[in-house]
Structure formats: structure tokens, C-alpha cells
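Please treat every number below as a calculation from the coordinates, not as lab data. A quick note: this is a predicted structure, and the numbers were derived from the prediction, not measured. Positions of Cβ are generated from backbone atoms using ideal geometry, with glycine treated the same way; all protein chains shown enter the neighbour counts.
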Amino acid sequence: MSNPLQIKSPWPAYEWPQDKQSAVLLSVDVDAHVPFMWAHKDHVPDRMGTLEIRRFGPRTGIYRLLDLFARYEAKASFYVPALTAETNPEMLAAILEGGHEIGLHGYFHEIVSEVSDDEFTGALEASLELLTRETGVKPVGFRSPAWEMTPHMLRELRRVGLAYDSSLSGFDHPYEIDGVVEIPVQWALDDAIFFKFEGGGRDKWPYQSGRAVLQDWIAEWQALHRFGGLFTLTVHDWISGRAQRIALLEELLDTITAEMATWIATAAEIAHHHATSGNAGRFAVDGKAPEAIGTRRFGQDIGHSHG
Ligand SMILES: [Zn+2]
């Protein structure tokens, strides 16, 4: 099927494998209790509410998600902070047994604005080492905690030999930024913005209706399918492992898997496709921040008149 655009953009249409018009990446950020630990680095409060909400993920949520993907014969990408892996090593075997991908997601789910370049590098190396040791497979992908990146981080991913990043949203299909293959995400397809609720008075908004979110996600997938894009769904063990969330994902996967022309693949497979197809190099952009506006402000020393 052809690209629905009548007005041509300077960028060519993205090419998916033969017979496929769009792609779907099912991704799980296995945060568990780790962001809570990062938020309380120096002292963990003696309160169980939020911790238990999050511990539901490794105990129950992750296995419900694995069971869901198995029923639809869909392979997913799991981004596991190293501390999640340290705390729940049994989970890694279950993910690998399902034929899924395990990627990096920080050591302590470090928030980018709260660490130096050197700290990022240290956490990247340590998490790569731990996950390689625990799984016997060297991860090929990285997803940044809270989806923030810097040029330093992209350079470091290249240096340690990772194949892709999945944290940015500059296209709605794979591209390259500073020479790193980017498997884009988007906030509208993240369960956290709709269903994250930790209690304790810190939440900024209430749960959204699962019905409304399901309708939106299906509409987003249908539209992205028309435009030939990548539908990257991001769910969390402790959020979408809850009963009604699993039922919601079943309805979503019923719709998606009925369309034979969409390719459901792991991020590693999608990144490999990107790098070995005609797409490679066609969507290459620079990650450098623009110059500050600074002296370019108007209204000073403007020598010419209007009109
Ligand atoms: Zn996360």
C-alpha cells in the first residue's frame, strides 16, 4: 500500500520488510522498585506502601506479561535496570525462555539530569557487565530512564558497542542520531502517563479510564499503520501487570495481530533491519543542541526599515 501523503516531505518513505506496511514494538520497562530506591538514595523510608505497589511487578506483573506475549506468539523487548536484575535474578531466565530481548535501562534507573557524564559511563559499563554475566548474552540495546539522552550518552553507547538506543521521538520510524540507530518511543503509548499511581500524596493526576486509553491506542496504531510508522508500546511490570491492564492489552493485541501487514518484532530485530536495509543512512540526524539565541535578539541595531 502506498504512503498516504500527497505532499512529499524531503524524507523518503520508510521501508519495512517485504509485505509489511508498519511495525509494532512491544516493550517493557522493568522498573520494579528501582526508581523508588533512586529517589531515596541515602535513606530508604520505613514505609511499605509504594514499595509493595512496585514489588507487585517482579512477583506477578512480569509473569502475566510474559504469558500474554506467549499467547499471541509475540516477542518483546524488556529493558531491565541492573538493580532489578540483581534483586530478581529468576526473572531474567523467564524472559529469555520466552525468546524475548533484554536491554539496558540504567543501573539504578539514574535520572539523566541528576548524573554527570562520568557517572553515566560508570552505570552503563556496570549494567552492561552485570546483565551480560547474568544472562550469558551481551545486550545490544539501551533505553534511558525517563527517556532523556545527551550527545555524551550516544557516544558512549557507540563506544561500548551497542546496536541501538530506544529513548527519543524525532521520527515515528527508526532513524540514526549521531550515528546511533534510534528505535523511537512516544509518550502517548506509555502506560505510565495514564496508569502510574504510587499513593502517598505524590501523584499528580488520577488513573485514566482503561477504556479510553485502549480506544486511543488502537486509533494510534491504525493511524501509524496508514503512515507506515513504528508503534512502540511501553508498559511497566508493576503498572500493566495489574489484571485489567492485561485484559486491555489482550484487546489491543487482538486488533493488531489481525492485520497481517504489520511486523511485530523486538527492538533488536528492528534495529538490525534498519541497519541492513535501504533505510540505513537515509534518516541520519545530528543530536547537537543548537547555538543559544543570545545575541540574535531583535530590536537592537537593526539598520534596515520595514517595507
Ligand atoms: Zn524506567
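Using the number of other C-beta atoms within 10 angstrom as an exposure proxy, rank Glu101, Glu90 with the fewest first. If you can, show how the numbers build up before the last one.
Working: Glu101 22, Glu90 7.
Lowest count first: Glu90, Glu101.
Where a ≥ b ≥ c are the square roots of the eigenvalues of the C-alpha gyration tensor, would you call the range 173-307 rounded, which needs a/c under 1.5, or, failing that, prolate if a/b is larger than b/c, or oblate? Don't skip to the end; give the middle numbers.
Numbers: a/c = 2.39, a/b = 1.45, b/c = 1.65.
Oblate is the answer for the range 173-307, as a/c is 1.5 or above yet b/c matches or exceeds a/b.
What does the convex hull of the alpha-carbon atoms of the range 25-148 project to on average, in nm²?
Values: hull surface 30.8 nm².
Here the figure is 7.7 nm², rounded to one decimal.
Any idea what % of Cα-Cα pairs in the chain are farther than 25 Å? Before the final figure, lay out each step's value.
Numbers: 24126 of 46971 pairs.
Above the 25 Å cut-off, the chain has 51 percent of its Cα pairs.
As a footprinting exposure proxy, order His225, His272, His173 by other Cβ within 10 Å, with the fewest listed first.
Details: His225 19, His272 16, His173 23.
So the ranking, lowest neighbour count to highest, is His272, His225, His173.
Nothing charged except the Cβ atoms of Lys and Arg (+1) and of Asp and Glu (-1): what's the magnitude of the dipole of the range 1-60 about its Cα centre? Round to the nearest 20 debye.
80
Kirkwood hydrodynamic radius, the range 32-84, all distinct C-alpha pairs: what's the number in Å? Can you show the working numbers first?
Details: mean 1/r = 0.0788 Å⁻¹.
One decimal place: 12.7 Å for the Kirkwood radius.
Defining a contact as two alpha carbons under 8 Å apart and six or more residues distant in sequence, what relative contact order in percent does the chain show?
Values: 499 pairs, mean separation 87.7, N = 307.
The value is 29 percent.
Under the definition of Cα pairs under 8 Å and six or more residues apart, what whole-number percent is the relative contact order of the range 166-279? If you can, show how the numbers build up before the last one.
Numbers: 103 pairs, mean separation 34.3, N = 114.
After rounding, I find 30 percent.
Under a crude label model (7 Å from the Cα following the beta-carbon direction), how far is Asp216 from Ser116 in nanometres?
So the label points at Asp216 and Ser116 sit 4.0 nm apart.
If I stretch the segment between Met260 and Phe298 completely, what's the gain in nm (0.36 nm per residue apart, minus their alpha carbon distance), one decimal?
Working: separation 38, 0.36 × 38 = 13.68 nm, distance 5.44 nm.
In short, 8.2 nm is gained.
Rounded to the nearest 0.05, what FRET efficiency is calculated for Val137 and Glu90 with R0 set to 25 Å and r the Cβ-Cβ distance?
Numbers: r = 17 Å, r/R0 = 0.66.
Step by step, r from the Cβ atoms, then E = 0.90.
In whole Å, how far is the Cα centre of the range 55-81 from that of the range 99-143?
19
At a 10 Å Cβ-Cβ cut-off, how would you order Thr276, Thr266, fewest neighbours first? Could the numbers behind the result be given before it?
Details: Thr276 9, Thr266 24.
So the residues, fewest neighbours to most, are Thr276, Thr266.
Calculate how large, on average over all directions, the projected area of the Cα convex hull of the range 249-302 is; give the answer in nm² to one decimal. Let's see the in-between values first.
Working: hull surface 34.3 nm².
Approximately 8.6 nm², given one-decimal rounding.
Can you tell me the relative contact order of the range 1-110? Whole percent, Cα pairs under 8 Å, sequence separation 6 or more.
On the way: 106 pairs, mean separation 34.7, N = 110.
Rounded, it is 32 percent for the range 1-110.
Using a Cα-Cα cut-off of under 29 Å, which lysines could be cross-linked to Lys8, ignoring same-chain neighbours fewer than 8 residues away?
Filter leaves Lys20, Lys288.
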